[in-house]
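Report on one structure; see the data block that follows.
The numbers here are math on the coordinates, done by the rules we state, and not lab data. Quick caveat: nothing in here was measured; it's all calculated off a predicted structure. Ideal geometry is used to build each Cβ from the backbone, glycine not excepted, and the neighbour counts take in all protein chains shown.
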Amino acid sequence: MNPALPPVLFLLTVTSTTYVGALYNGTDPTTAGSFGELVVAMAAGLSYSVPLMAILLAHEFGHYIAARIHRVPASLPLFIPMPLPPIGTMGALILMPGRITKRDALLDVGAAGPLAGMAVALPVLAYGILHSEVAPIDPQQAYLQEGHSLLYAGMLFLLKGPIPEGHDIFLNATAFAGWAGLLVTMINLVPIAQLDGGHVAYALRGERHLSTSRRLRTALLPLALLVSAGYGLPAFLRGAQGDALWTQVAAGAPWVVWWFVLGLLVRAGDEEHPPTDDDTLSARRIWIARGTLALFILLFMPAWLREVVP
């Protein structure tokens, strides 16, 4: 791999997330009339891109450092820029040629990323929530509704108290970056194939997890339909039509995309998960594995992000 690729992709992703952050803050850099105006417009997005990139860096270097400790060959993080709302990136990945042969190493590499990312995401989100406004929902104005997990709902209640009927929290850019960190961690912790959650589950259960992984991968399609029905049917019964109805029905679409992507990844690797050469996980790591999988339950969001249209 070209050694210039990781830093170039990192800089491009910083740029794309800063651009999306500027849009989130109500500034469009593409309308700038001069270089100075462009710099000012882009600077408006730093309150989103800096905390988000810190979360992603912590996640990826958690994997990288764990891999180096166990002498597992691994590339530097490869970030994926995507200069489109709502996130501004498709995350990052680390290339690890070959397989991880020890269960302890597999657990450490798989769990280190999500746990390191969460160590940054939680204080970022807490700070952002404290500085975000709870306000009445304008019934005539479309808005983005972020997904709610048990952990996120608990933080909202702890930091803001009960949110009155007809109101919602409108996340500022930093809070949205923290929420995006929770979303990215949740997606990676799905205990399927060679996702972080798949590594953790395989380290804990070995080959017994292979059939579970296949069943969970298949279950993503019914989950998508269930989420779409859960949001779309009540909207239909309320009389919603057109975009107002479609945006609710589309709430399950990300799970369809993730089902398709995971299917491609499994077919590309010709197996659900590579085997290890041993079947022993240390006692301390058993608890880390269980805690990491429990974290997925706390982070699970049925709907990721949806637009609410009046």
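The per residue volume of the convex hull around the alpha-carbon atoms of region 211-280 is 88 Å³.
For region 63-214, the relative contact order is 24 percent, taking Cα pairs closer than 8 Å that sit 6 or more residues apart in sequence and dividing their mean separation by the residue count. Summarised as an ellipsoid, region 126-195 has semi-axes of 25, 14, 12 Å, derived from the eigenvalues of the Cα gyration tensor scaled by 5 and square-rooted, with the largest first. Around the Cα centre of the chain, unit charges on the Cβ atoms of Lys, Arg, Asp and Glu (plus for the first two, minus for the last two) sum to a dipole of about 860 debye. Here, P(r) means the percent of Cα pairs in each 10 Å bin from 0 to the largest distance; for the chain it is 6, 24, 33, 25, 10, 2, 0. The GluC sites (Glu not before Pro) of region 214-310 that meet both conditions, a loop assignment by DSSP and at most 14 other Cβ atoms within 10 Å of the site Cβ, are E271.
Over the C-alpha atoms of region 159-204, the Rg to Rh ratio, Rh being the Kirkwood estimate, stands at 1.23. Per residue, the chain reaches -20500 deg cm²/dmol at 222 nm when only DSSP H runs of four or more residues are counted, each adding -39500 (n - 2.57). Based on alpha-carbon atoms, the Kirkwood radius and the radius of gyration of region 165-310 give Rg/Rh equal to 1.05. Centroid-to-centroid, using Cα positions, region 16-73 and region 244-310 are 24 Å apart. With the charge dipole of region 213-310 set up from +1 on Lys and Arg Cβ and -1 on Asp and Glu Cβ about the Cα centre, the Cα lying farthest toward the positive end among the listed residues L293, G269, G242 is that of G242.
Neighbour counting of Cβ atoms within 10 Å sorts the residues L12, L150, fewest neighbours leading, into L150, L12.
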